[in-house]
Amino acid sequence: MADYDRRQGGGGGGGYNNSKKRRYRDDDDYDRRGPRRRFDAPPHVRIRKQLLSIAENPMRPWHEEVQSIATLFTDNWSDELLRVNFVELILQLAIEQPLKTPFLAAVVLVANTNKPEIVDSLLTTLVADLENKIKQGDWRDVKLYLKLLACLQNCLEGEGVFPVLDELFSRAVDLQTASSEDTIGTELVKIILLTLPYVMVAAPDQWQQKAADLMEKTEIIASEPHALQALIEPYHPESGEDASSSMSMIGLLQSQLQTEANSGWALPCLPRPWDFPSSEAEQQSRLATAPKHALPTIAFPKTVLAGPRPLFPEIYFSVYPNQEVESVPSTATAATSLIRDALLDTINILHYNRNVAARLLIEVDCYFAPRTFAARATPFDRLRDIEAPKSTWKPEDVAVDAVFSQLFQLPNPEHKLVYYHSVLTEACKLAPAAIAPSLGRAIRYLYRNVPRLDMELSSRFVDWFSHHLSNFGFTWKWTEWVDDVYLPDLHPWKAFITGAIDKEIRLSFAQRIKNTLPEAYKPLITPDKEKEVPDFKFADDRTPFAAEGREIAALLKRKAPDEEIQPVIERIHVLAIDNNLDPLVASTDVFMTAVLHVGSKSLSHVLAAIERTKDRLTDAGAASDAAHAQIIAAVMAYWSSHPGVAISIVEKLLNYSILVPSVVINWALVSHAGATRGEALAKAHIYELVFNTVMKVTGRVRQVVQKTSQPDVMVDDETRDRDVKAMRSLFRAMEDALSAWASGSKDEMIEAADGDGNSDTEKLVRRWGGRWLRVFRRRAAIEESFLLEAAKEKKPDSGDSAPAVAPAVAAEVDMA
């Protein structure tokens with residue numbers, strides 16, 4: 001410190017030091033070394049940098065950027081590394097950042113005017129990759145390659161990409177003729193319809209009749225509702241409402257393109273970076289007279305595969321429908337499907353980099369025609385002031401809408417749900433002033449529609465909402481919903497509020513969440529929720545078997561051998577018989593509760609306690625169905641104020657085979673739901689428990705089925721058949737239990753019903769039963785569909801299980 005003070009003060013030796021510094025500074029001021037040599041990156045590096053950032057700068061005209069890249073490329077044509085990298089990068093970007101495909105095509109078209117050889121090289125590589133993707137069934141990459149070819153239509157000889165589209169339609173017809181439930185044929189027709197608009201903007205006024213002929217054929221498939229569409233409706237139909245009220249994406253796209261065809265294929269939203277301004281008339285003329293190239297023949301395999309991603313019909317879903325002012329494209333215009341398709345590809349392809357995905361979503365207006373969108377961050381209230389023909393489409397709303405369409409996709413989105421959570425979080429962090437209001441309006445729409453939203457989607461909404469708030473200080477305008485706090489617990493709005501608050505507490509702690517809520521909400525967080533460790537009920541002498549419970553807990557804490565615990569268990573049996581109680585149930589409840597109490601410090605503590613007592617718990621469950629059910633009942637009762645912990649413990653008990661899935665399902669849908677007269681069906685954590693259990697069972701079956709098809713894996717057909725049979729038995733048990741709740745025939749409902757049996761409570765319980773039933777009928781149908789496809793892929797000599805699967809699929813679809 002003394003040295004530091006002396007230097008700062010300038011006294012003592014500081015003068016010498018300061019003169020040294022001054023001398024060095026003077027040397028810097030009068031540097032006699034001359035200017036530094038400028039380092040220019042090699043051409044392939046500069047080309048790569050410019051292609052990666054193409055169209056990202058809204059201040060730079062597209063034609064200037066396209067010309068600059070093409071000129072740099074052709075001026076350095078002799079660089080072989082540059083030529084190879086250029087082709088590879090164009091194809092890679094077309095797959096990884098499909099928003100930029102038209103601009104990449106424009107660069108190729110301009111380069112074609114000087115060095116036509118590059119187009120032949122590009123087409124040769126592209127067709128080889130395309131054939132490989134078709135063989136693998138990677139239909140998204142097939143679509144993206146065809147999109148690039150469509151943008152290059154003007155430099156292709158003959159009919160260009162149309163023979164490929166005709167072949168795709170021929171395959172789709174064959175598949176649909178073989179099975180009305182086929183999804184590959186529907187996917188092929190969707191690819192055709194999404195490729196056509198880019199052909200029409202790349203070569204306007206040339207292919208209208210060809211496009212009309214092709215669309216006339218696709219209408220046969222696109223206009224027919226798919227057999228599986230009823231399973232994936234995002235809204236649970238009200239009484240007497242048509243279950244298929246939503247629009248399928250392919251049917252919507254067909255009608256939109258028909259409208260565009262009737263208006264001359266204007267497609268005003270699509271960019272045309274190959275159209276140069278009048279000041280560049282010479283370049284435009286060179287593009288018109290540029291050499292044309294033959295598209296190499298594309299070989300199609302005899303049998304097309306579904307590919308690595310499960311294919312299901314797609315439903316159009318939006319969180320901004322029927323607004324006073326359109327902030328997203330209307331479903332009547334093709335812009336709805338074309339913009340949504342490009343954004344969904346971007347989101348799902350860039351799953352490995354959520355930051356880039358979020359940035360591209362925010363900059364969506366850079367990649368479509370000028371004036372397609374309103375200015376960024378325009379408040380919704382200001383959209384009314386925008387006069388026609390200016391657009392009122394908010395780029396933020398379009399981006400948020402696209403992410404929610406994936407987050408709420410049935411039966412499953414392509415990636416884990418948390419990925420879509422993270423994209424919305426990153427977008428909100430990158431542009432909070434623009435994205436936050438759009439998210440707020442989306443949340444309000446979803447909340448209003450919670451009563452009619454599919455149960456599975458309602459659960460996803462709870463998860464996303466609580467997770468999103470946790471990233472932004474748990475702040476939300478809860479006062480907007482304050483009146484709903486006083487609704488019955490069975491009401492979907494009240495159920496959403498309690499479920500969201502519970503999830504928030506899991507992500508933080510009760511006192512913090514309580515401080516973020518208005519006064520009316522605070523009673524929802526009971527004092528028990530604020531305790532980190534639940535009270536041990538056997539600490540109260542008034543509780544039956546209190547002394548024995550404390551004694552077993554003490555023995556477990558000091559890791560006493562089983563021989564010391566057994567006398568206490570026998571004492572509980574004697575006392576239970578004296579009080580006309582089931583001795584096995586009583587001893588199991590005491591023992592399991594003691595185990596939970598000993599392990600209450602953390603999940604690792606309770607796992608260690610369960611590991612030490614696994615044999616006794618397994619024997620208790622095997623001895624009696626009632627005792628088996630009491631294990632889960634004890635867990636849920638002990639951690640009732642922290643259901644997230646209870647669910648984690650139940651999952652571990654399933655892993656240890658102490659519990660079996662049927663016991664969990666029976667407890668939730670029969671015992672516990674019956675004890676609460678159906679109110680348990682409105683609890684988010686009960687649904688989470690059941691859903692997680694079902695997914696564990698179906699995941700196990702899928703693993704076994706996939707392993708039996710691999711000759712080097714030791715999984716026999718007997719194991720597969722046993723697991724499949726157990727899964728179907730589980731779904732039948734759920735069907736029986738939930739059908740009773742949905743129809744009102746459950747004994748507890750009959751006993752509690754008013755005179756006419758139409759009380760508001762009963763109606764709500766029946767509605768919850770119907771929502772649950774729809775979810776698990778869908779899950780059963782999905783698994784049967786998987787088994788059917790697996791049976792088809794087996795060799796003929798081992799295809800004996802196929803007939804047993806097919807009728808089950810039809811039955812599940814009919815039930816839905």
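The values are calculated or read from the model by the stated rules, or taken from the named source; none is laboratory data. Predicted model, so just to flag it, every value in this text is computed and none were measured. Ideal geometry is used to build each Cβ from the backbone, glycine not excepted, and the neighbour counts take in all protein chains shown. All accessible areas refer to the heavy atoms of the entire protein, side chains included, with ligands and DNA or RNA removed. Shrake-Rupley method; radii C 1.70, N 1.55, O 1.52, S 1.80 Å.
Under the rule that an exposed site lies in a DSSP loop and has at most 11 other Cβ atoms within 10 Å, name the longest stretch of the chain with no chymotrypsin sites (Phe, Trp or Tyr not before Pro) of that kind, not counting the sites themselves.
Free of exposed loop sites, the longest segment is 353-816.
Tell me the label-point distance for the pair Ala294, Glu167, using the 7 Å Cα-to-Cβ offset, in nm and rounded to one decimal.
A separation of 1.5 nm, rounded to one decimal place.
Probe 1.4 Å, all protein chains in place: accessible area of Lys210 in Å², nearest 10?
Near enough 60 Å² of accessible area.
In segment 348-423, how does Rg compare with the Kirkwood Rh, expressed as the Rg/Rh ratio over alpha carbon atoms?
On the way: Rg = 14.4 Å, Rh = 13.8 Å.
Expressed as Rg/Rh, it is 1.04.
Using Cα atoms only, what is the angle between the long axis of helix 184-202 and the major principal axis of the chain, expressed in degrees (0 to 90) to the nearest 10?
Helix 184-202 sits roughly 30 degrees off the main axis of the chain.
Can you work out the FRET efficiency for the pair Lys559 and Glu530, with r the C-beta to C-beta distance and R0 = 35 Å, to the nearest 0.05? Spell out each step's value before the answer.
Numbers: r = 31 Å, r/R0 = 0.89.
Once rounded, the FRET efficiency stands at 0.65.
In whole Hz and in residue order, list the ³J(HN,Hα) couplings for segment 617-630 that follow from phi through the Karplus curve 6.51 cos²θ - 1.76 cosθ + 1.60, θ = phi - 60°; x for Gly and Pro.
3J(HN,Hα) across segment 617-630, in whole Hz: 5, 5, 5, 5, x, 6, 6, 7, 5, 5, 5, 4, 5, 5.
Compute the long axis of helix 417-430 from its Cα atoms, compare it with the longest principal axis of the Cα atoms of the chain, and write down the angle in degrees, 0 to 90, nearest 10.
For helix 417-430, the angle is close to 60 degrees.
Measure nothing fancy, just the Cα-based angle from helix 101-112's long axis to the longest principal axis of the chain, in degrees from 0 to 90, nearest 10.
Orientation of helix 101-112: about 20 degrees from the principal axis.
When the Karplus curve 6.51 cos²θ - 1.76 cosθ + 1.60 is applied with θ = phi - 60°, which whole-Hz ³J(HN,Hα) does each residue of segment 538-553 get, with x for Gly and Pro?
Rounded to whole hertz, the list is 7, 6, 8, 5, 6, 6, x, 6, 4, 5, 5, x, 5, 5, 5, 4.
Would you list Met455, Met59 from the most to the least accessible area, probe 1.4 Å?
Numbers: Met455 15, Met59 160 Å².
Output order, biggest surface exposure first: Met59, Met455.
Tell me the label-point distance for the pair Arg677, Ala547, using the 7 Å Cα-to-Cβ offset, in nm and rounded to one decimal.
With each label point 7 Å from Cα toward Cβ, the separation is 3.9 nm.
Name the long-range amide H neighbours of Tyr235: under 5 Å, sequence gap of 5 or more, or other chain; modelled H, no Pro or chain starts.
Close amide H contacts, sequence-distant or interchain: Asp454.
Find which of Ser602, Tyr638, Val650 sits farthest along the positive direction of the dipole of segment 602-653, computed with +1 on the beta-carbon of Lys and Arg, -1 on that of Asp and Glu, about the Cα centre.
Sorting the options by dipole projection puts first Ser602.
Compute the accessible area per residue over the chain, keeping the other protein chains in place, probe 1.4 Å, unit Å².
Working: 37610 Å² over 816 residues.
Spelled out: the 1.4 Å probe surface of the chain, per residue, equals 46 Å².
So what J values fall out for segment 496-503 if you push phi through Karplus, 6.51 cos²θ - 1.76 cosθ + 1.60 with θ = phi - 60°, rounded to Hz, Gly and Pro as x?
So the Karplus estimates, Gly and Pro as x, are 5, 4, 5, x, 5, 5, 4, 5 Hz.
Given R₀ = 22 Å, what would the calculated FRET efficiency be for Trp77 paired with Glu157, taking r from the Cβ atoms and rounding to 0.05? Could you put the intermediate results ahead of the total?
Numbers: r = 23 Å, r/R0 = 1.04.
Computed FRET efficiency for Trp77 and Glu157: 0.45.
Over the chain, what percent of the accessible surface lies on carbon and sulfur atoms, probe 1.4 Å? Spell out each step's value before the answer.
Values: 19080 of 37610 Å².
Whole-percent figure for carbon plus sulfur exposure: 51.
Considering amide H positions built from the backbone, and no H for Pro or chain starts, which residues 5 or more places from His293, or on another chain, come under 5 Å of its amide H?
Result for His293 returns Leu156, Glu157.
How far apart, in nm, are the 7 Å Cα→Cβ label points at Thr124 and Gln703?
Taking the simple label geometry, Thr124 and Gln703 are separated by 4.8 nm.
So what does Leu487 come to for accessible area, using a 1.4 Å probe and Å² rounded to 10?
Ignoring ligands and nucleic acids, Leu487 comes out at about 50 Å².
Assign unit charges at the C-beta atoms only (+1 for Lys and Arg, -1 for Asp and Glu), then state the dipole size of segment 478-589 relative to its Cα centre in Debye, rounded to the nearest 20.
On the way: 15 positive and 22 negative charges, 93 e Å.
Charge dipole, segment 478-589, about its Cα centre: 440 debye, nearest 20.
Quick one: compute a quarter of the convex hull surface over the Cα atoms of the chain and quote it in nm². Provide the component values of the computation, followed by the final result.
Working: hull surface 201.8 nm².
Average of the hull's projected areas for the chain equals 50.4 nm².
Treating only the Cβ atoms of Lys and Arg (+1) and Asp and Glu (-1) as charged, compute the dipole magnitude of the chain about its Cα centre; round to the nearest 20 debye. Walk me through the numbers before you get to the answer.
On the way: 93 positive and 113 negative charges, 654 e Å.
Once rounded to the nearest 20, the dipole reads 3140 debye.
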